[in-house]
Amino acid sequence: MAKKDIPGWKLVWADEFDRDGFLDSSKWTYEVGFVRNKEEQYYTEARLENARVENSMLILEGRKEKFLNPKFNTGSDKWFENREYAEYTSASITTQGKFAVKYGRIELRAKLPHGTGIWPAIWMLGTNITEIGWPRCGEIDIMEFVGFEPNSVHATIHYSKDGKHAQNGKKIITERPYDDFHIYAVEWDSQKMDFFFDNKIYQSFVNDDAVENGYNPFRDPHYLLLNLAIGGSWGGKVDPSIFPQKFLIDYVRVYQKA
């Protein structure tokens, strides 16, 4: 799809995925290993079976396969060390250290995978996560889909309140969203965020609600993440018969007010 202007918005960053093979390393980096949420997949780095560009499309592929965990530690009680092998592989890519944005319209056209245990996401984290940690850095979930809720798409904001994790989330009921491509977007300014499924706003958040001790993470830059998780704290039980599964992303575009 050709780049599209939006009235009142200026395109400031994009990936149209217009070359086959590996991801553009000037734009993306990889998360590697068992990363979060006690998920089942091992995120691989620069492995075409899990992340590739093909026919002008980014493909993040979840696969059922045995994959060695190099951090395996016999007798460890840590979830990311006590498995010698992963039973699934997938990919998580981010713009951390390469691109971040404060305010704008972040828009993706994507086709979701589906099946019990699938958990794809389009999201953002505050660039200061390495200094102040999560959730103080803020998290903007533009799209999350869990396979056990096949007719819903979620948008959620995570932050810290009174020293504890707080969140504000809503979902839109839409039949079989994985059957076709849809546009997932957030429009974010200093005051609020509006979340879109195609052209419909279904979640809004007032940024002032996230102020803690005078700090608001949603008035600082965030970087992008795209991932296909399997199982874990929200993905839940995994149906091994559904694999492989593909999360298809046609483009990622970031606009700011013209």
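The values are calculated or read from the model by the stated rules, or taken from the named source; none is laboratory data. Every value quoted in this text rests on a predicted model; they were computed, and no experiment measured them. Heads up, the Cβs are rebuilt from the backbone with ideal geometry, glycines too, and the neighbour counts pull from every protein chain shown.
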Quick one: is residue 198 free of Cβ contacts under 8 Å to residues at least 24 places away in the same chain and at positive phi?
-> yes
Here are some residues: 81, 65. Which one is of a type outside the set (Lys, Arg), closer than 20 Å to residue 247 by Cα and without any contact (Cβ under 8 Å) to a residue 60 or more places away in the chain?
-> 65
Specify which of the listed residues (70, 7) is at pLDDT below 95 and either surrounded by fewer than 20 Cβ atoms within 10 Å (Cβ to Cβ) or not hydrophobic (A, V, I, L, M, F, W, C) (or both).
-> 7
Those residues of segment 222-231 which are under 22 Å from residue 113 (Cα atoms) and either assigned to a strand (DSSP E or B) or in contact with a Pro (Cβ under 7 Å, 6 or more places away or on another chain) (or both) amount to 224, 225, 226, 227, 228, 229, 230
For segment 88-133, name all the residues that are among the basic types (Lys, Arg) and either in a strand (DSSP E or B) or buried (at least 20 other Cβ atoms within 10 Å of the Cβ) (or both).
-> 105, 109, 111
Just checking, how many residues over segment 179-221 are assigned to a strand (DSSP E or B) and either within 20 Å of the chain's Cα centre (by Cα) or under 20 Å from residue 9 (Cα atoms) (or both)?
-> 19
Filtering segment 10-36 down to residues that are surrounded by fewer than 17 Cβ atoms within 10 Å (Cβ to Cβ), in a loop (DSSP other than H, G, I, E, B) and not charged (D, E, K, R) yields 22, 25, 26, 32, 35
